[in-house]
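Below is one structure, written out as structure tokens; the observations come after it.
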Amino acid sequence: LVSRKKQKENTVVPLGDITIGGGKPLIIAGPCSVESYEQVRQVAAALKASGITVLRGGSFKPRTSPYDFQGLGIEGLKILKEVASEFGLKTISEIVDPAHIELAGSYIDVIQIGARNMQNFELLKAAGDVRTPILLKRGMAATIDEFLHAAEYIVSRGNTQVMLIERGIRTYEKATRNTLDISAVPILKQESHLPVLVDVTHSTGRKDILAPCAKAALAAGADGVMVEVHPDPATALSDAAQQLNIDEFNRFYAEVKQSGLL
Ligand code: PEP
Ligand code: MN
């Protein structure tokens, strides 16, 4: 069902006034984690002022260590909802438990399925049973074929509003956190009709190369780019080293816009 052979036209995901996959790429930005109402409000106000329409923020955090900040859970989704309605933003947040999929739809506009859960088949089935748009991340060791099959799990249950996001894969290269597989973008666009995005933050883990990677993603045909922005990255409870502060984000955004690709 996700194959271009099955459907020629691009799937377009409407989110209020905007669409994803409709030909006009967008930047999705926001903190790695929802940490507090004030933190989310601060970043949302700055992003709104810059013209951003979709806010990201994780509230169920799949952390490598059990001793690291695990997220605010449902409380964080409530914060996202409150701040988004104040600023007229759409929201994306990761859900990790099939039992939360239905409930999530009343707080957020897009459910993210994280890289670590790309082949959590019960989660994919639950995501297929609702009608909330899904942003499916590529597993860190998943082939493109496995990625598309994971999307198929969702679409085959009736939820056609699925977007794919490349977020880097594990290789031997240590210069970046993961290896951004830019070739996945044109391949996914060719093989599937679903919108394709690129997470430049988690793929590179490096603030200094986000703008060229975002431009590469858009030049390769991506429908959008995701980037992490925190009002004070040094104090962030997760991914402190890789999040942009607001000034850095504005410089990043200006550089990407200047390319004419947005
Ligand atoms: C995230 O986007 O918050 C995240 C945890 O990313 P990934 O699942 O790609 O590691
Ligand atoms: Mn992160």
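The values are calculated or read from the model by the stated rules, or taken from the named source; none is laboratory data. Predicted model, so just to flag it, every value in this text is computed and none were measured. Positions of Cβ are backbone-derived with ideal geometry, glycine not excepted, and every protein chain shown enters the neighbour counts.
Among 151, 99, which is the only one that is small (Gly, Ala, Ser) and in contact with a Leu (Cβ under 6 Å, 6 or more places away or on another chain)?
Of 151, 99, the one residue that is small (Gly, Ala, Ser) and in contact with a Leu (Cβ under 6 Å, 6 or more places away or on another chain) is 151.
Filter the stretch 171-216 down to the residues that are of a type in the set (D, E, K, R) and in a loop (DSSP other than H, G, I, E, B), then identify the one that is nearest to ligand 2 (Cβ to nearest atom).
177
Failed condition for residue 153, given (1) part of a helix (DSSP H, G or I); (2) in contact with a helix residue (DSSP H, G or I) (Cβ under 7 Å, 6 or more places away or on another chain); (3) under 18 Å from residue 27 (Cβ atoms), with all others met?
Status for residue 153: all satisfied but (3).
Among the residues in the stretch 181-194, are any of a type in the set (Val, Ile, Thr), surrounded by fewer than 23 Cβ atoms within 10 Å (Cβ to Cβ) and under 30 Å from residue 73 (Cβ atoms)?
No, that holds for no residue.
Taking the stated definitions as given, is residue 200 touching a strand residue (DSSP E or B) at 6+ places or on another chain (Cβ under 9 Å), closer than 20 Å to residue 262 by Cα and either of a type in the set (S, T, N, Q) or surrounded by 24 or more Cβ atoms within 10 Å (Cβ to Cβ) (or both)?
Here the answer is yes, as residue 200 does meet what is asked.
Search the stretch 130-146 for residues that are of a type in the set (D, E, K, R) and pair each with any residue that is modelled with pLDDT under 95 and away from ligand 2 (no atom under 16 Å from the Cβ) when their beta-carbon atoms are under 9 Å apart and the residues are at least 6 apart or on different chains.
none
Taking the options 126, 104, name whichever one is away from ligand 2 (no atom under 16 Å from the Cβ), free of Cβ contacts under 8 Å to residues at least 40 places away in the same chain and closer than 24 Å to residue 89 by Cβ.
104 is the lone residue from the list that is away from ligand 2 (no atom under 16 Å from the Cβ), free of Cβ contacts under 8 Å to residues at least 40 places away in the same chain and closer than 24 Å to residue 89 by Cβ.
Tally the residues that are away from ligand 2 (no atom under 16 Å from the Cβ) and part of a loop (DSSP other than H, G, I, E, B), restricting the search to the stretch 41-88.
Result for the stretch 41-88: 7.
Among the residues of the stretch 244-260, is any over 23 Å from residue 22 (Cβ atoms), surrounded by 23 or more Cβ atoms within 10 Å (Cβ to Cβ) and among the aliphatic types (A, V, I, L, M)?
Checking the stretch 244-260: not a single residue is over 23 Å from residue 22 (Cβ atoms), surrounded by 23 or more Cβ atoms within 10 Å (Cβ to Cβ) and among the aliphatic types (A, V, I, L, M).
Considering only the stretch 22-30, I want to know if a residue exists there that is of a type outside the set (Val, Ile, Thr), assigned to a loop (DSSP other than H, G, I, E, B) and touching a Lys or Arg at 6+ places or on another chain (Cβ under 7 Å).
The answer is no; no qualifying residue exists.
What number of residues in the stretch 2-31 are in contact with a helix residue (DSSP H, G or I) (Cβ under 8 Å, 6 or more places away or on another chain) and either under 15 Å from residue 93 (Cβ atoms) or surrounded by 15 or more Cβ atoms within 10 Å (Cβ to Cβ) (or both)?
Count: 7.
For residue 112, work out the one condition from (1) more than 17 Å from the chain's Cα centre (by Cα); (2) buried (at least 16 other Cβ atoms within 10 Å of the Cβ); (3) touching a residue at least 40 places away in the same chain (Cβ under 8 Å) it doesn't fulfil.
(1)
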